[in-house]
Amino acid sequence: MNNVKVSTKNVNVHYGTKQALHRVTLDINEKEVTALIGPSGCGKSTFLRCINRMNDLIDICKVDGSITVDNEEIISDEVDVVSLRSKIGMVFQKPNPFPKSIFDNVAYGPTIHGIVETKTDLEEIVHSSLKRAGLLKEVKDRLHEPGTSLSGGQQQRLCIARAIAVNPDIILMDEPCSALDPIATATIEELIDELKNKYTIVIVTHSMQQAARVSQRTGFFHLGELVETGETQKIFTNPENEKTQGYITGRFG
Amino acid sequence: MFYWSLIIILLGIYSAYIFGKSRITSNSRQLEIKTASLPTYYAQYIMVWCLLPALIVYFGWIIFEDQIIQNLVLANFDFDLNPALNASLLIAEIKNVALSDSFAEGKAIEILNAAEHYASIKYVSSISFYLSILIVMILGVMFASRKLQPSFRAQQSIENYVKYFLFFCSSVAVLTTVGIVFSLLFESLRFFSDVSVFEFLFGTKWYPYIPIREGQSGSQGSFGAVPIFAGTFLIMIVAMCVATPIGLFTAIYLAEYASPRVRRIIKPLLEILAGVPTIVYGFFAFVTVAPFVKTFGQSIGIDASPTSALAAGLVMGIMIIPFISSLSDDVINSVPQSLREGSLGIGANKAETIKRVILPAALPGIVGAFLLGVSRAIGETMIVVVAAGTAPNLTANPFENVTTVTVQIVIALIGDQEFDDPRTLSAFALGLVLFVITLILNIFALRIVKKYRERYE
């Protein structure tokens, strides 16, 4: 059994008067892939965005309950959100490279955090991040072309490289393959499998096959509640809850 | 004449429409073939063929009628009677007499005869005007009604006509611009036949007074436009130094920091600022800012004149703020939220996100806003007239009087000069240079924007 990296207790999220999450309690293990599945609008992305406090950006969104990362409470006004987010990388549904060169996209994080001192160090980090994201071979001759000139799958791997360049512990992925074709998806899934040796990964996905392929643990959300959580294999072969059973067999959702 | 002809045309196209619709319906019924398009399109087709010839006749008549009648009247007039009379004065007098009896008193008999002649031609002309409009409308409908067959694809033709109409609309602006360029060009050429291009472009003394008589005391006029362009440039720089940072920071605040409530209040207020007439800014500059600038100048030991480039530039900058802030705000708002989240998700703070992601992404739009501001600054007149003086000084000291191109154009065109006086004509030369400068600025701006677009999209 791995160590618990992120632990949430009774997390409630309200958008204005509408409650989006109901008392979600979930532990996320270190160096594992945890998949969050469930029908659209069930709150899985909302939950993901609680972990790096991304919901702060939405004025009407209120989060309460307790979330700890490395045993430190993060739902509190005193938390340094900036340093929290530097510890938690995020990859979004739609690839969102900055309007900069490929190099600058990856160099962005290390530069703003002052991780590197010399240009050589920076180049080193950029190269190693691109390599770990499996993109280096394809782009090493055109690091100074705009990141937006890459294909969708390459852009998404660029975003992964950008996230791991600041050396986070956790990577949150919000449906990272939903805008990609099957081949690019397969590449990303392989990459996720490799990355879990070094990072704790939480991935929101619509594709149950994807959850089954890449994750060790799975949580099933429905109508803002975490219905069931457990080892992926168990969830997909022998779920305890009727709703989970219904969803994974395609009866609803 | 105007109203009646409009009514005729409207009635004409209405009946053409009705005619077209009923004819195609009955044709299709007779032949028992379904029409290729809806009956409305056939009706519209007939309508176009009714309207177009009518409009051509209408505008042709308006443009040429007067000239033709004048020539007819003058051809019959015996000029020998009074050789001093100028033809254009003469025709004006004949027209006046023809229009109203009160002018007729005490006029020569030739004039009275001519006036009568004029009135009769005018009468015939107006009758034939209505008749020819009617005739061309009927001809148009007759011509087009041959096409009223169910197999005719009326919708496609109508769509074609619409396309031509849209093309016509878009070419109006282009043709107007071409016309403006040519009128500027020809008048400027007249100016440059008196004053050398070299002197105009590189001379440093602007003294646009030519002695009226030979041997008149006072110096020869000189038309060196450098001080004027330097003044324009100086005021533009001052204005943009005020407007760019304030406008940009306003936009950043509004787009990234302001709560929706604050935004709802500030944005309309700024837009009101954009609607203040520039002459009001001029008062403000002259009454409030200029004395302040003078006092300020004295306090740091510079002798400022009561009206100065600085005063005008500062107020002009205020005037331009809303243009820059409003446009930049729109541009910043249109930067996708996903870029913000991407940057914040890496652990960048808000300032870093704005500085390193949002502003670069919004740059083409911001450059556009800036250049729009520059062209406003160059084209602005009233503030400068009131607050910067009219003295063509060649100076880089913003505490001094300066003048701008637009102000000199105004000065050249008001007053009682002859139109072939170089002083008057200088307005066109100045306008031409202004036009060329803004053209170059625009081309430059478009290239910058395009370059960034290629890189970022």
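Of all residues in the range B:220-239, those that are over 15 Å from B:T381 (Cα atoms) have Cβ atoms under 6 Å from Cβ atoms of residues that are among the aromatic types (F, W, Y) and surrounded by fewer than 19 Cβ atoms within 10 Å (Cβ to Cβ), 6 or more apart or on another chain, in B:G221/B:Y207; B:G221/B:Y209; B:S222/B:Y207. Inspect the range A:85-92 for any residue being crowded, with 18+ Cβ neighbours inside 10 Å and over 19 Å from A:K198 (Cα atoms) and give the result as yes or no. Yes: one or more hits.
Quick check on the range B:312-327. Is at least one of its residues hydroxyl-bearing (S, T, Y) and over 35 Å from the mean Cα position of the chain (by Cα)? No - not one qualifying residue is present in the range B:312-327. Scanning the range A:84-107 for residues that are within 7 Å of chain B (Cβ to nearest Cβ) and in contact with a His (Cβ under 9 Å, 6 or more places away or on another chain) yields a single hit, A:S86. Being among the hydroxyl-bearing types (S, T, Y), touching a residue at least 12 places away in the same chain (Cβ under 8 Å) and within 14 Å of another protein chain (Cβ to nearest Cβ), is that true of even one residue in the range A:178-185? Within the range A:178-185, one or more residues are among the hydroxyl-bearing types (S, T, Y), touching a residue at least 12 places away in the same chain (Cβ under 8 Å) and within 14 Å of another protein chain (Cβ to nearest Cβ). With respect to A:D64, determine if the residue is touching a residue at least 12 places away in the same chain (Cβ under 8 Å), out of contact with any Ser or Thr (no Cβ under 6 Å at 6 or more places or on another chain) and more than 10 Å from chain B (Cβ to nearest Cβ). Here the answer is yes, as A:D64 does meet what is asked. Residues in the range B:264-308 that are under 25 Å from the mean Cα position of the chain (by Cα) and in a loop (DSSP other than H, G, I, E, B) were compared, and the one that is surrounded by the most Cβ atoms within 10 Å (Cβ to Cβ) is B:V276. Taken over the range B:321-365, the residue count meeting the criterion of being within 22 Å of B:R376 (Cβ to Cβ) and either facing chain A (nearest Cβ under 9 Å) or of a type in the set (V, I, T) (or both) is 5. So which residues in the range B:403-434 are in contact with a Leu (Cβ under 6 Å, 6 or more places away or on another chain) and hydrophobic (A, V, I, L, M, F, W, C)? Answer for the range B:403-434, where residues must be in contact with a Leu (Cβ under 6 Å, 6 or more places away or on another chain) and hydrophobic (A, V, I, L, M, F, W, C): B:V405, B:I409, B:A427, B:F428, B:L432. The criterion of being under 30 Å from B:G106 (Cα atoms) and either assigned by TED's automatic domain parsing to the domain that holds B:Y123 or at pLDDT below 90 (or both) holds for B:A75. When only residues in the range B:332-355 that are touching a residue at least 60 places away in the same chain (Cβ under 8 Å) and not basic (K, R) count, which is nearest to A:D56 (Cα to Cα)? Per the stated criteria, the residue is B:I354. For the range A:138-177, filtering for residues that are at the interface with chain B (Cβ under 10 Å from one of its Cβ atoms) and surrounded by fewer than 20 Cβ atoms within 10 Å (Cβ to Cβ) leaves 4. Residues in the range B:101-112 that are hydrophobic (A, V, I, L, M, F, W, C) and surrounded by fewer than 16 Cβ atoms within 10 Å (Cβ to Cβ): B:A104, B:A108, B:I109, B:L112.
B:V162 meets all of the listed conditions (1) surrounded by 12 or more Cβ atoms within 10 Å (Cβ to Cβ); (2) without any contact (Cβ under 8 Å) to a residue 40 or more places away in the chain; (3) among the aliphatic types (A, V, I, L, M); (4) under 30 Å from B:A75 (Cα atoms) but one, namely (4). Restricting B:T403, B:T381 to those that are more than 14 Å from chain A (Cβ to nearest Cβ), polar (S, T, N, Q), buried (at least 23 other Cβ atoms within 10 Å of the Cβ) and under 25 Å from B:I321 (Cα atoms) reduces the list to B:T403.
Being more than 21 Å from B:A43 (Cβ to Cβ) and among the small types (G, A, S) is the filter; apply it to the range B:157-173 and report the residue that is modelled with the lowest pLDDT. Out of the qualifying residues, it is B:A173. Exactly one residue among A:T25, A:T46 is modelled with pLDDT of 90 or more, surrounded by 23 or more Cβ atoms within 10 Å (Cβ to Cβ) and either within 14 Å of another protein chain (Cβ to nearest Cβ) or within 19 Å of A:L223 (Cβ to Cβ) (or both), and that residue is A:T46.
Yes/no per residue for (1) assigned by TED's automatic domain parsing to the domain that holds B:D66; (2) surrounded by 15 or more Cβ atoms within 10 Å (Cβ to Cβ); (3) aliphatic (A, V, I, L, M):
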| site | (1), (2), (3) |
| --- | --- |
| B:A114 | yes, yes, yes |
| B:H117 | yes, yes, no |
| B:L134 | yes, yes, yes |
| B:M142 | yes, no, yes |
| B:R146 | yes, no, no |
| B:A173 | no, no, yes |
| B:F182 | no, no, no |
| B:F202 | no, no, no |
| B:K205 | no, yes, no |
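The values are calculated or read from the model by the stated rules, or taken from the named source; none is laboratory data. What you are looking at is a predicted structure, and each value in this text was computed from that prediction instead of being measured. Backbone-built Cβ (ideal geometry, glycine too); neighbour counts: all protein chains shown.
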